[in-house]
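The values are calculated or read from the model by the stated rules, or taken from the named source; none is laboratory data. Remember, predicted model here, so these are calculated numbers, not experimental data. Glycine also receives a Cβ, built like all others from the backbone with ideal geometry; neighbour counts cover every protein chain displayed. Only protein heavy atoms, including side chains, enter the accessible area calculation; ligands, DNA and RNA are left aside. Shrake-Rupley method; radii C 1.70, N 1.55, O 1.52, S 1.80 Å.
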Amino acid sequence: MSGSYDDSVGVEVSSDSFWEVGNYKRTVKRIDDGHRLCNDLMNCIHERARIEKVYAQQLTEWAKRWKQLVEKGPQYGTVERAWCAFMSEAEKVSELHLEVKGSLMNEDFEKIKNWQKEAFHKQMMGGFKETKEAEDGFRKAQKPWAKKLKEVEAAKKAYHAACKEEKLAISRETNSKADPALNPEQLKKLQDKVERSKQDVLKTKEKYEKSLKELDNATPQYMENMEQVFEQCQQFEEKRLRFFREVLLEVQKHLDLSNVASYKNIYRELEQNIKTADAVEDLRWFRANQGPGMSMNWPQFEEWSADLNRTLSRREKKKASDGVTLTGINQTGDQVSQPNKHSSSLSVHSNTVQSVQSSYNPFEDEEDTGSTVSEKEDNKIKNVSSYEKNQSYPTDWSDEESNNPFSSTDANGDTNPFDEDTPPAMEVRVRALYDYEGQEQDELSFKAGDELTKMENEDEQGWCKGRLDNGQVGLYPANYVEPIQ
């Protein structure tokens, strides 16, 4: 038979076998699937790397927030250091997870990308060179056998048609013998038809058997050629499978922090820091620095001094170094040299007063840098500690509040024992005319147009005391604002 070979025309696929015409396409498709699987694996690794990065960022933010909270909170001593060790652990683990992210992207991801580029070569007309080579190889191996298969199918069809025609001719001849209306000539034609049908059956059967034999003879060569092309595809796929196994093992090593010495050291160091917490040592420290062990300037007889009665302006009192030192009471050396973190001197610090008045929260100004902690949970964390270590406490130990220069008459700590006995002014809402940037810790900062509350009238130096809407209390120039009508 002549004509071009077409593996999709004239042949019915009787099974799902690889040897059926056209069923090699599943093997060819596996090459394209291999390229897509490389992309899938790279996407998988990229997503895991992004998770590692986000987790590292969250650990760092958590450590920063809680380290600041603990340091400003009431916890002290060795237990404080043990607590802070958890934040140090988070920072170190964060660094390790960033290293994992770097290894996944810089090593594993790039390795797959480069291998894919070397293994699959794109063609100008689309598709891959490896796919076309496999397709052409299978078509070439299958073409001769598929051609003979078509001949067999055609011979079988012709043979079955001849058998059908023979059966029909015999039936007509049998029926004609019982019909008296037929003349001998007509009967002779029917008999000749039967004879020709039998001859056709013999010829088509012989041709069918011959084409089938030729197909059987061509089958071994067909199988050998198909096997050869298939093995080439198998070798190509074997390289991909082995490469994937190699990459997955490397990914496993990068993800497994249990075998990293520095990871084990982090928790060994954390355990040691926790075990160093000593309740007896912390109680001894608190007694010496915050309890009966503190030194005290006990009241002594003092001569009258003109300096004691000197009237200080509010501005001069506010600008006194870090606080107001009581005249005639000498500070001991131990009190002066104490660290700021656990200070217990008798000076009234202006920054401490300001922090109490404004209910300062160390995490209110912290920006969200991608943390997945919800705002509700974040607010809960912010409000865990309601006061700081350096918070000033009222000294309500005197029964005569009016005559006691140390008594605290204002819950916010605004009262200074040396202030003039002036009645409180009525609060007035004012609006800023100009921008002002506070130069001292006790001064307010605002922009033109901002509104605030004036708490006290202008003093001799031209300063007023006011309160911003966020609760911060401080001084500002009186000529920088105007009353709100």
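Looking for whichever is part of a helix (DSSP H, G or I), in the same structural domain as residue 39 (by the TED database), open to solvent by 60 Å² or more (accessible area, probe 1.4 Å) and of a type outside the set (Gly, Ala, Ser) here; the options are 95, 89. Which one fits? Walk me through it before giving the result.
On the way: 89 fails: open to solvent by 60 Å² or more (accessible area, probe 1.4 Å).
Criteria check complete, one pass: 95.
Being open to solvent by 80 Å² or more (accessible area, probe 1.4 Å) and closer than 9 Å to residue 42 by Cα is the filter here, so list the residues in region 107-123 that pass it.
Correct list: 113 only.
Would you mind finding the one in 164, 148 that is of a type in the set (Lys, Arg), assigned to a helix (DSSP H, G or I) and in contact with a Leu (Cβ under 9 Å, 6 or more places away or on another chain)? First the steps, then the outcome.
Working: 164 fails: in contact with a Leu (Cβ under 9 Å, 6 or more places away or on another chain).
Within the list 164, 148, the selection yields 148.
Name the residue, out of 84, 38, that is touching a residue at least 12 places away in the same chain (Cβ under 8 Å), under 30 Å from residue 280 (Cα atoms) and out of contact with any Gly (no Cβ under 7 Å at 6 or more places or on another chain). First the steps, then the outcome.
Numbers: 38 fails: under 30 Å from residue 280 (Cα atoms).
Exactly one residue qualifies, and that residue is 84.
Kindly indicate the residue of region 125-172 that is touching a Ser or Thr at 6+ places or on another chain (Cβ under 6 Å) and of a type in the set (A, V, I, L, M) and also surrounded by the fewest Cβ atoms within 10 Å (Cβ to Cβ) among those meeting that condition.
From region 125-172, those touching a Ser or Thr at 6+ places or on another chain (Cβ under 6 Å) are 151-152, 155, 158-159, 162, 165-166, 169; that's our starting set.
If we keep only those that are of a type in the set (A, V, I, L, M) too, we end up with 152, 155, 158, 162, 169.
Working: 152: 20, 155: 22, 158: 16, 162: 21, 169: 20.
Ranking the qualifying residues of region 125-172, first place goes to 158.
Considering region 261-279 alone, what residues qualify as being free of Cβ contacts under 8 Å to residues at least 60 places away in the same chain, under 19 Å from residue 84 (Cα atoms) and not basic (Lys, Arg)?
Once the filter is applied, which keeps residues that are free of Cβ contacts under 8 Å to residues at least 60 places away in the same chain, under 19 Å from residue 84 (Cα atoms) and not basic (Lys, Arg), region 261-279 yields 265, 271, 272.
Is region 110-132 home to any residue that is under 19 Å from residue 254 (Cα atoms) and aliphatic (A, V, I, L, M)?
Yes, that holds for at least one residue.
Could you check residue 43 against (1) without any contact (Cβ under 8 Å) to a residue 12 or more places away in the chain; (2) more than 30 Å from residue 129 (Cα to Cα) and say which number it fails?
Residue 43 satisfies every listed condition except (2).
Residue 214 versus (1) open to solvent by 80 Å² or more (accessible area, probe 1.4 Å); (2) in the same structural domain as residue 134 (by the TED database): which is the lone unmet condition?
Going through the list (1) open to solvent by 80 Å² or more (accessible area, probe 1.4 Å); (2) in the same structural domain as residue 134 (by the TED database), residue 214 breaks only (1).
Could you list all residues from region 449-468 that are over 18 Å from residue 484 (Cβ atoms) and either modelled with pLDDT of 90 or more or not in a loop (DSSP other than H, G, I, E, B) (or both)? Explain how you work it out, then say what you get.
Step one: filter region 449-468 for residues over 18 Å from residue 484 (Cβ atoms), giving 459-463.
Scanning region 449-468 gives a single hit, 463.
State which residue is surrounded by the most Cβ atoms within 10 Å (Cβ to Cβ) when the search covers only region 434-448 and only residues that are outside any strand (DSSP E or B) and in contact with a strand residue (DSSP E or B) (Cβ under 6 Å, 6 or more places away or on another chain). Reasoning before the result, please.
Our first condition is that a residue be outside any strand (DSSP E or B); within region 434-448, this holds for 434-435, 437-442, 444-445, 447-448.
With in contact with a strand residue (DSSP E or B) (Cβ under 6 Å, 6 or more places away or on another chain) added as a condition, the list becomes 442, 444, 448.
Details: 442: 18, 444: 23, 448: 12.
Among those that are outside any strand (DSSP E or B) and in contact with a strand residue (DSSP E or B) (Cβ under 6 Å, 6 or more places away or on another chain), it is 444.
Pull up region 449-485, narrow it to residues that are open to solvent by 30 Å² or more (accessible area, probe 1.4 Å) and among the polar types (S, T, N, Q), then point me to the one that is nearest to residue 434 (Cα to Cα).
479
Looking at region 150-172, can you tell me whether even one residue there is among the small types (Gly, Ala, Ser), farther than 16 Å from residue 31 by Cβ and free of Cβ contacts under 8 Å to residues at least 24 places away in the same chain?
Here is the first cut: in region 150-172, the ones among the small types (Gly, Ala, Ser) are 154-155, 158, 161-162, 169, 171.
Then keep just the ones that are farther than 16 Å from residue 31 by Cβ; that gives 154-155, 158, 161-162, 169, 171.
With free of Cβ contacts under 8 Å to residues at least 24 places away in the same chain added as a condition, the list becomes 171.
Yes, region 150-172 has at least one match.
Being modelled with pLDDT of 90 or more and under 26 Å from residue 22 (Cβ atoms), is that true of even one residue in region 192-205?
Checked against the condition, which is being modelled with pLDDT of 90 or more and under 26 Å from residue 22 (Cβ atoms), region 192-205 yields no hits at all.
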